[in-house]
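**Q** Take this structure first; my questions come after.
The values are calculated or read from the model by the stated rules, or taken from the named source; none is laboratory data. Just so you know, these numbers come straight off a predicted model, no measurement behind them. Here the Cβ is made from the backbone with ideal geometry for all residues, glycine too, and neighbour counts use every protein chain on show. Heavy atoms of the whole protein, side chains included, go into the accessibility calculation; ligands, DNA and RNA do not. Shrake-Rupley method; radii C 1.70, N 1.55, O 1.52, S 1.80 Å.
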Amino acid sequence: MKVQLLEPSDLNLSAYCHIYFSDFISSSFWLDLHVYPMHASLFFFLNDILKQTRFSVVFLMLSGSDTGFGHALAKYLDSLGFVVFAGVLHKDGPGAEELRKTCSRRLSVLQLDITNATQVKELISHCIAAMCFLLFPGLWGVVNNAGILGFPAGGELLPMSMYRQCMEVNFFGAVEVSKTFLPLLRKSKGRLVNVSSMAGECAAYGASKAALSMFSGVMRQELSKWGVKVAAIHPSGFRTGTSNVWEKQEKEMMENLPADTRQDYGEDYLLGLKDYLLRMPAYCEADLSPVLSAILHALLAKRPQGVYTPGKGAYMFPWVFCYLPLWFYDFFVSKMMNTESVPRVLRASEAKSKNL
């Protein structure tokens, strides 16, 4: 990936130094830069200068830092020297505690339920106060990562509560955060990065992420006149600790399933779906670095992409959808997501047809 780097006037002196003097970025992100052995000491020297000038370090806010991509991203950005406001759903949870123990004092762990407008407003007030204290009230980037993983079952099987929850968190919550922080991003001509998904096979989750992707595309066009760059991240399958979440959602689905629907699908079909879920992690990548690198590129590249597809085969779904007939896309998805399980009524119908 060829990267045209930001100039000091585009961002600020500290960010420029991080790009040019971090061998970690250059090695993990394929930047064609020289490695400076003294980059660490030089950074701290420059930080001392920054304290005496009007320059600032790079301020970033991200949501959903308890687990998964957000947790790894918070650590990653902190290791690169950024000032990170890491929003977590549970400020006393294990994820938040680990961030406090392992990260530097540049990272602040803050309570943030993105569906709670009051907490979102409190967060921006905290960010503004912290930046003003450091003599530079400017925020460079916001990463909307917080989301909930929908149970990958058929749309008819999912309860309406799951549809509403996915939309409330994955879409409306991200919109709330974006609208709240956009005045700051417009002033800094910064970056808005939304972590979406390729998971179109799940009705509730896929619908909410599709809405977020469309929102990202519209805002990318609208905010271009302000100099704000907007990017959507569409990862492929990665292991982000979903098993416990899916167990709760499966229980909720089974408890709310109407008796006639349960009878039509049959217990064998539902058990087959559970077996499919248990096998899914084996096909997902454990290394989250492709996603972290994509987000870093979206934050710092001179000309970031509008859409990123990190991970093996992530580009295949949009490519097939855009360039091949729709019937082939349906066939492609059905083969990729085949659970090898057929509803009871359809099995009976097929058996009856064979006996005729």
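**Q** From the protein chains alone at 1.4 Å, what is the descending order of accessible area for 132, 127, 322, 103, largest first?
**A** Largest accessible area first, the list is 322, 132, 103, 127.
**Q** Sum up the charges of everything whose Cβ sits under 15 Å from the Cβ of residue 75, counting Lys and Arg as +1 and Asp and Glu as -1, but leave residue 75 out.
**A** -1
**Q** Largest first, how would 309, 261 line up by accessible area (1.4 Å probe)?
**A** 309, 261
**Q** Let me ask you something else. Can you tell me the order of 66-76, 115-125 when each peptide is scored by its average per-residue count of other Cβ atoms within 10 angstrom, highest first?
**A** My ranking of the peptides, most packed first, is 66-76, 115-125.
**Q** Given just the C-alpha atoms of the stretch 69-198, how large is their convex hull per residue in cubic angstrom?
**A** In the stretch 69-198, the Cα convex hull volume per residue is 122 Å³.
**Q** Strictly over 24 Å apart at the Cα level, which of 209/248; 91/121; 91/302 would you flag in this model?
**A** Listed pairs above 24 Å: 91/302.
**Q** What accessible surface, in Å², does a 1.4 Å probe find on residue 226, ignoring ligands, DNA and RNA and rounding to the nearest 10?
**A** Its heavy atoms expose roughly 120 Å² to the probe.
**Q** Tell me the label-point distance for the pair residue 255, residue 326, using the 7 Å Cα-to-Cβ offset, in nm and rounded to one decimal.
**A** Placing both labels 7 Å beyond Cα along the Cβ direction yields 3.8 nm.
**Q** Between residue 126 and residue 189, what is 0.36 nm times their sequence separation minus the Cα-Cα distance? Round to one decimal in nm.
**A** Result for the pair: 20.6 nm of gain on full extension.
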